[in-house]
Structure formats: structure tokens, C-alpha cells
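To start, the structure itself, in C-alpha cells.
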Amino acid sequence: MRILYVITSFRIGGAERLTTNLLPLLKTAGIDVEVSVFDATPTQFLSEVESSGITIHKLGLGFKSMYNPLHIYRLRRLISKNKYDIIHTHNSSCQLFTAIATKISRTIPMLITTEHNTNNRRRYWKWYKTIDRWMYDQYDSIVCCSDSVKLNLEGSCIIKDNGKLHTISNGIEIPPSTIEHVNLTGRAVVMVSGFRPQKDHLTAVKAMAYLPDDVHLYFAGEGTTIESVKDFVTKSNLDSRIHFLGNVDNVSALFASARCALLSTHYEGMPLSIIEAMASGTPVIASAVPGVTEIVADAGLLFPESDPKAFAESILRVIDDSPERTRLIAAGLKRAANYDIKNTAKQYINLYTNLISKHK
């Protein structure tokens with residue numbers, strides 16, 4: 001079985017983290033797997049994939065944008081040159097560019113894509129629905145990372161054949177019971193998330209105004225909205241209490257060193273960061289939005305979307321030792337155990353095997 005993964009980059013994010021953890025397991029299972037990446041900017045994730053001995057095709061070299069349509073022609077050459085049984089895509093531009101590239105290539109492998117969010121900007125572009133319908137129609141299977149994502153796609157009227165939809169939860173590498181710690185200032189709270197419009201970093205910043213001065217907020221991640229968030233922090237006179245760490249290599253150590261883990265967001269598919277926090281023995285506080293509520297449930301605290309005061313009140317409930325903090329830590333560890341990446345890999349391998357057997 002020969003599979004090509006196609007992804008935009010290996011920067012911080014759920015799709016990137018899933019792919020980084022999944023690829024070595026597929027290789028260990030005897031699958032000949034390669035990965036094609038549009039933006040090959042060096043990151044910890046990219047380094048981990050390279051060190052596992054997996055072939056990486058860096059298609060975006062020389063391009064300023066990962067959304068450059070010329071990726072289609074580089075994909076076509078790669079697909080035509082190699083006899084892949086399956087191409088598995090992640091993220092929007094990869095979904096569309098791969099669908100087009102396979103149409104104009106000399107070989108036509110089976111196509112699988114994973115949907116990582118309950119929403120995206122394309123859903124608001126009425127003129128784009130025809131393109132979306134055509135694109136999804138090219139895929140043999142569409143994997144949804146949570147039931148919320150599946151329900152959203154089923155109700156979007158852009159999938160002609162709902163029988164293509166499958167739910168496979170994303171997974172994480174369960175960390176050891178003893179995790180190293182890093183030095184953080186004061187009573188530290190942490191949010192690990194890429195900086196993009198989907199995420200609601202500003203509500204986390206605003207919540208700091210309702211918290212004592214010894215509470216410090218640490219943001220881990222990079223992205224397009226980081227400069228605007230930094231500007232807002234400065235205007236709010238919170239520079240001394242809010243810290244920007246950039247991309248972090250050991251997320252588990254960061255979570256384990258904090259009093260609680262935060263996720264302020266507008267929508268999600270299945271946020272791996274809160275599962276990693278639970279697995280690290282750190283209480284989770286997150287926005288009550290689809291894709292989050294089903295994961296957190298009673299294993300964390302949920303607050304109304306974009307409500308900084310309610311956010312701060314939730315933080316105060318768990319930032320110090322209390323029976324509720326103890327309960328949430330235990331519940332989080334139990335919940336995280338359900339999302340072992342090894343189980344995710346088994347489900348994907350079964351899906352690949354079944355698709356190939358049907359097409360023989």
C-alpha cells in the first residue's frame with residue numbers, strides 16, 4: 001500500500017500535529033507513506049517527520065504563498081511520476097489543488113481528505129458552493145475528526161453522497177506519567193494555538209483584566225493575527241503579564257507547568273491542544289462552541305464564546321488547589337486516554353485497507 005499525504009505546512013495546528021504523530025505509525029505498520037508539503041518552513045513538526053525517515057516532497061520551494069495555484073502542476077508531476085494507491089489531503093488548499101491535479105495526471109489514485117473544522121470561510125461564499133461540491137465529489141472518502149464536523153458537513157448541502165463521510169477522532173501521543181516542567185512566572189495559564197481568525201486570543205487577553213496581577217498568560221504559537229494581538233496587549237497595558245513564546249517544542253511540559261490550559265476560539269473541529277493538556281494533568285477551560293463541548297463535557301470548564309468575564313471566573317475556580325481542580329485533573333486524564341494516536345492510526349489503516357479492497 002502506497003500513500004501520499006498532502007498538507008499545507010508543519011506549523012502549529014491540529015492537522016499538522018495529527019500528521020506528525022500519525023505518519024511514523026503508518027510507516028511502522030508497513031505502509032509506504034510519503035508526504036507533500038506546500039510550505040516547508042523548518043519547524044519542530046517537520047523535523048520530527050524528517051527524523052522518522054519519511055520522504056518529504058517540498059513543493060512550495062520558491063513560492064511566496066502556500067495558496068499559489070502553481071502547486072497544482074507540481075502535484076500533478078509528483079502524482080504522475082509515482083504510483084500511489086491513495087492520496088490523503090488535509091486543509092483547504094490541499095483539498096482543492098489535489099482534486100484538480102489528479103484530474104490532469106496520468107494516474108488516478110483514490111482520494112481521502114480529513115475535515116478538521118466545523119466551519120470555514122468558504123461556507124460564507126455562495127459563489128464557491130459549486131466548486132466545493134465538485135471538489136468533495138472527487139473524493140472516495142471524507143473523514144471527519146469529530147461528530148460535530150460530520151453533522152456540519154451533512155447539513156451544508158455540499159456533499160452529494162453522505163455515505164462517504166466517516167468519523168475518526170484525532171489522537172495524541174499519551175505523555176509519560178512524569179513530565180518535566182519549565183519555569184513560568186506567577187500563577188501561569190497557557191493557551192497553545194495558532195494565531196489565525198478562527199482563534200479568539202483577544203478574549204483571553206481581555207479576561208486578564210478581571211484576574212489578580214500575579215496571574216500570567218502564556219501564548220504558544222504563531223500566525224497571521226499575532227501582531228494585532230500583541231498591539232492589543234500593549235494598548236491594554238498587559239505586556240508584563242502576557243508572554244508570547246512562539247512555537248514550543250515540548251507542549252506537554254508547558255501544560256504541566258501551568259495552573260490551567262485555555263482555549264478561546266470561535267469554532268473547532270477537534271482541538272488536540274485541550275486533549276494534550278488533559279493528558280498532562282492540567283485543568284482545561286474552553287469556549288463552549290461545537291467541536292469543543294463534546295470533547296470537554298464534564299472533564300473541563302466551558303464558558304460562553306467571547307465572554308472575558310465568564311472566562312476569568314472559570315480560571316479563578318481552578319487556578320488554586322480545590323476539590324474541583326482535583327476532580328477536573330482526574331476526569332481530564334481519563335478523557336485523554338480515549339484519544340490515543342495508536343487507536344487513530346488503526347482506524348485509518350482499516351479505512352485505507354477497506355477502500356483498496358473495494359476498488360480491486
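Laboratory data are not the source of any read-out in this text; all were calculated from the coordinates shown. Note that the structure is predicted; figures quoted are calculated from it, not measured. Note that we place each Cβ from the backbone using ideal geometry, even for glycine, and neighbour counts take in every protein chain shown.
Of the listed pairs 83/103; 160/346; 27/334; 58/83; 103/150, which have alpha-carbon separations greater than 20 Å here?
160/346; 27/334; 103/150
May I ask you to work out the translational diffusion coefficient for the range 71-119 at 20 °C, viscosity 1.002 mPa s, via Stokes-Einstein with Rh from the Kirkwood sum over Cα pairs, reported in whole µm²/s?
D, rounded to a whole number, is 196 µm²/s.
How charged is the neighbourhood of residue 14? Take every other residue with its Cβ under 13 Å from the Cβ of residue 14, and add Lys/Arg as +1 and Asp/Glu as -1.
Net charge around residue 14: 0.
Within a Cβ distance under 11 Å of residue 45, other residues only, what is the Lys/Arg minus Asp/Glu net charge?
-2
For the range 154-272, what's the radius of gyration and Dmax over Cα atoms, in angstrom?
For the range 154-272, the Cα radius of gyration and maximum Cα-Cα distance read 17.2, 54 Å.
Hey, could you grab the Kirkwood Rh for the range 225-360? Inverse mean 1/r over distinct alpha carbon pairs, Å, one decimal.
16.8 Å
Based on the alpha carbon coordinates of the range 1-136, what radius of gyration and maximum Cα-Cα distance (Dmax) apply, in Å?
14.4, 44
Would you check the range 192-322 for Lys pairs whose C-alpha atoms are within less than 16 Å, ignoring same-chain pairs closer than 8 in sequence, and give me the count?
Taking the range 192-322 as the scope, the lysine pair count is 4.
Can you figure out the FRET efficiency of residue 326 with residue 357, using R₀ = 41 Å and their beta-carbon distance, to the nearest 0.05?
0.25
What does the charge count near residue 82 come to, summing +1 for each Lys or Arg and -1 for each Asp or Glu among other residues with Cβ under 14 Å from its Cβ?
Surrounding charge for residue 82 is +4.
Taking the alpha-carbon set of the chain, what are its Rg and Dmax in Å?
Every Cα atom of the chain included, Rg and Dmax give 20.5, 65 Å.
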